[in-house]
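These notes are about the structure you will find just below.
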Amino acid sequence: MAARLFTPISLGGMVLSNRICVPPMCQCMAAGGMAQPWHADHYSRLAKSGAGLLVIECTAVSEQGRITGKDLGLWNDEQGHALGGLVASVRAAAPDTRICVQISHAGRKAMMLDADAPAEEIVSCSALPYDERSATPVQLDEAGIRGIIEAFAQAAERAYLAGVDGVQIHAAHGYLIHQFFSPVSNRRTDAWGGSLENRMRFGLSVIEAIRKRVPKLPLMLRIAATDWIEGGWQESDAVEFVRRAADLGVVAVDVTAGGLSPQQKSPQKEPGYQVCYASAIKRGTGLPTAASGLITDPLQAEGILVSGQADLVSVGRGVLHNPSWGWMAAQSLNAFGAIPPPYFGAF
């Protein structure tokens, strides 16, 4: 029987040759939001790992939404052209790997690594800082919320014009969409806060705006299944949001957890420690789901898929440590399709 890890899967018309995903891993090497030679080399090496899907790092939809001053951006056309050059370079190096980009707004976690960032430019759903050392964000008004929703749509359109195969919306790790989700960070009493319905409104509005702007672009989601905080965003909330997202046209979800607040009580980080969340989202929604969290061994990855816990596996650290991870996995599972033909003689 063929290894499950190396069977194709279709996500909204985007066909992956296998179930290995290289997730976004921030490089903080951009200049003016634009990709540099570092990115071309870095992503070409990762794409040649044999992965079916490569997701380019967290890319800001606005200058104020960057995590650091050296993040990639898509808030102007020049950055879109630079992304197009990066995509073309990576595709030439690994034509069988599908290329997506993750788009995000950091909200109250913006510019946390840049001490001289103007505090008045940091925004969130509520005026609550991430921790005691962080700036207190400005609470977004209606115009500000609508402006960021539009910025997501414009960034997705620039990504589409740059030639990506799909876009992943970042709704995890404590960034702005996640901040709206959680009652820990969202204390609003208007239509954007309070009930679960209202707290989901911002994320759903982002999806609607992108789908309206670029209806044919495969749209994925990275979501936190839980805050790991009592009374915060929980697994059942995430299931409900993903159900709604699927109705709006999201074709796959990559599941992670935590990152919203230092109050979190996270479990011990051991191999596959977040797979249970991917399994819960898959059971609750039926949407194709990627598992993450210290997935490093090919047999471990195969077991996750064969057992039905997820449809794809995100391998980050493993591919960074070994850019030929997919080849190693193919050899381990007797599935040599992921190995570039020029290298067959080595196996």
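The values are calculated or read from the model by the stated rules, or taken from the named source; none is laboratory data. Only a predicted model underlies this, so the values are computations on that prediction, with no experimental measurement involved. Remember, those area values only see protein heavy atoms, side chains included, never the ligands or the DNA or RNA. Shrake-Rupley method; radii C 1.70, N 1.55, O 1.52, S 1.80 Å.
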Out of 284, 193, 326, a Gaussian network model of the chain with alpha-carbon springs under 10 Å gives the largest mean-square fluctuation to 284
Return the single residue from 191, 171, 291 with maximal mean-square fluctuation; model: Gaussian network over the chain, springs between Cα atoms under 10 Å. 191
Rule-of-thumb Rg ratio for the chain [Cα; 2.2 N^0.38 Å; N residues]: 0.94
Prolate/oblate/rounded call for the range 60-196, Cα gyration tensor, a/c under 1.5 rounded: prolate
In terms of the alpha carbon gyration tensor, root eigenvalues a ≥ b ≥ c, rounded if a/c is under 1.5 and otherwise prolate when a/b exceeds b/c or oblate, the range 289-333 is oblate
On the protein heavy atoms, probe 1.4 angstrom, tell me the percent of accessible surface of the chain carried by carbon and sulfur. 52 percent
Solvent accessible area, Å² - residue 210, 1.4 Å probe, full protein context: 0 Å²
Using a 10 angstrom cutoff on alpha carbons, build the Gaussian network for the chain and name the most mobile of 176, 294, 86. 294
Alpha carbon Rg of the range 37-109, scaled by the compact-globule rule 2.2 N^0.38 Å: 1.13
Restricting to lysines and to Cα separations under 25 Å from residue 282, and discarding same-chain partners fewer than 8 apart, the set is 216, 265, 269
Accessible surface, the chain, averaged per residue in Å² (probe 1.4 Å): 40 Å²
